[in-house]
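Everything below concerns the one structure shown next.
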Amino acid sequence: MAPNAIRWICCTVVFSIHLQSTTADNWPEWRGNHGDGTSDEKGLPTKWNSTDNVAWKVALPEPGNSTPIVWDDRVYMTQPVVAQNRRALMCFHRSDGRLLWQAETEWKEADPTHATNPVCSSSPVTDGARVIAWFGSAGLFCYDMEGHELWNRDLGIQKHIWGYGSSPVIHGDLCYLNFGPGERSFLIAVNKKTGETVWQHDEPINTQGTSEAKFSGADYYGSWSTPVLRHIGERDQLIISFPFRVCGMDPLTGHELWTSSGINALAYTSPLIADDTVVAMGGYNGMSIGIQVKGNGDITESGRLWRHPKTKQRIGSGVIHAGYLFIHNDPGIAECFELKTGKTVWEERLSGPGTSATNWSSVMVADGHCYTMTQGGDCFVFRASPQFELVSTNSLGEASNSSVAASNGQLFLRTHQHLWCIGKR
């Protein structure tokens, strides 16, 4: 073989390996590279506190609930500056936490929300060429990697007494957003390069619900769920939880492929998916279902694997690992279920030195460990195993409603006071 050909093949292989490595190390959206809280990282930190194993921390102007995302040497995060009517996207250098740039928009109108859910609670998303952030009523904004605005969309007023929290996701040439909750609730797909609408699904308010839970008014109704993209069977699917149901859609057209009822009127969590099994969980002591996705139309009966008619309050999403589902519930209780049967394997109350054991954090799993952080700033690490084993309790001593992000051997944690980088510099 000619030397030039050998050199080309070698360069191609090295470039391919580099792409795979870079992709594995990034955390490009709220729930990471796979959109479900699972990470391919190995050897992540399992023990730290506010002084030990901290690479850096940087002070934040106000409390916020969004989770940071990471791409190469940049960390991106949405940030409210309510006192100055500003909604911001901040970009930090991952080596030392210094602020590289901050892009902002102004919004002077009052945005109703819960006291524990500041505005800008949606995480941004990136594909390495652009960063897209949703600022609620202020609009959907797209920036290049240096903070220059590429486009923005006014999607109208978002209004709910508890605010918003769904994050945008990117798949192919499209960016998806679950706009809501409230009377104006819809799932929209826009061209990620231009912001133009490709399709929109308006989700009507369902006053009937299920036999156990009827409609109880707009204040106690809505979806904060972030959609998940998966290839199931022979087709790509966009899967999302709405009030009273979970459904799969064609990502390119918004055409509904299937639907399954069985949850309640509040859908806080995102769907959990493993192969052709989907788990949807309702909030406010609501219902949970496990289904097998097969066929089209209403698969409520034909696809159901199990159903829990009443569960603990759930704000954060769980994670699936090795045939088991792990979740850390709002009351501070972690649970493990069999994925295929819904059978409870164990449940444990997690408590630490923090001021609150309440948990809104979604579980992240990497290298056989689950990571989750309470409102009191205690980050628990436990085995992703059918036998409960608490590995560590790591307290930062600062309130948090965010989830753990992992990238290239480090953890990124957002509290109400700081952005933390845990691990070696």
If a residue must be of a type in the set (Phe, Trp, Tyr) and closer than 18 Å to Arg98 by Cα, how many such residues does segment 39-75 contain? 2
Return the residue satisfying two criteria in turn: it lies in segment 364-384 and is among the β-branched types (Val, Ile, Thr) and assigned to a strand (DSSP E or B), and of such residues it is farthest from Ala267 (Cα to Cα). Val381
Unique residue being in contact with a Gly (Cβ under 7 Å, 6 or more places away or on another chain) and at pLDDT 95 or above when the list is Ser270, Ser241, Ser260: Ser260
Those residues of segment 239-262 which are under 21 Å from Ile315 (Cα atoms), among the hydrophobic types (A, V, I, L, M, F, W, C) and part of a strand (DSSP E or B), in sequence order: Ile239, Ile240, Phe242, Val246, Cys247
Failed item in (1) at pLDDT below 95; (2) at positive phi; (3) crowded, with 23+ Cβ neighbours inside 10 Å, with Gly136 passing the rest: (1)
For Gln387, work out the one condition from (1) part of a loop (DSSP other than H, G, I, E, B); (2) under 23 Å from Pro63 (Cβ atoms) it doesn't fulfil. (2)
Options Glu348, Glu301, Glu335: the member that is closer than 28 Å to Gly43 by Cβ, surrounded by fewer than 19 Cβ atoms within 10 Å (Cβ to Cβ) and not basic (Lys, Arg): Glu348
So which residues in segment 69-121 are closer than 22 Å to Pro168 by Cα, basic (Lys, Arg) and in contact (Cβ under 8 Å) with a residue 60 or more places away in the chain? Arg74
Residue count for segment 139-159, restricted to those that are in a loop (DSSP other than H, G, I, E, B) and either of a type in the set (Phe, Trp, Tyr) or crowded, with 17+ Cβ neighbours inside 10 Å (or both): 5
Criterion first (of a type in the set (Asp, Glu), crowded, with 16+ Cβ neighbours inside 10 Å, out of contact with any helix residue (DSSP H, G or I) (no Cβ under 8 Å at 6 or more places or on another chain) and more than 25 Å from Lys57 (Cα to Cα)) does Asp127 satisfy it? yes
Which of the following residues is out of contact with any Lys or Arg (no Cβ under 8 Å at 6 or more places or on another chain) and β-branched (Val, Ile, Thr): Ile299, Ile263, Ile291? Ile299
Only one of Ser361, Ser356 is under 15 Å from Ile327 (Cβ atoms) and part of a loop (DSSP other than H, G, I, E, B), namely Ser361
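The values are calculated or read from the model by the stated rules, or taken from the named source; none is laboratory data. None of these values were measured; they are calculated from a predicted model. Note that each Cβ is placed from the backbone with ideal geometry, even for glycine, and that neighbours are counted across all protein chains shown.
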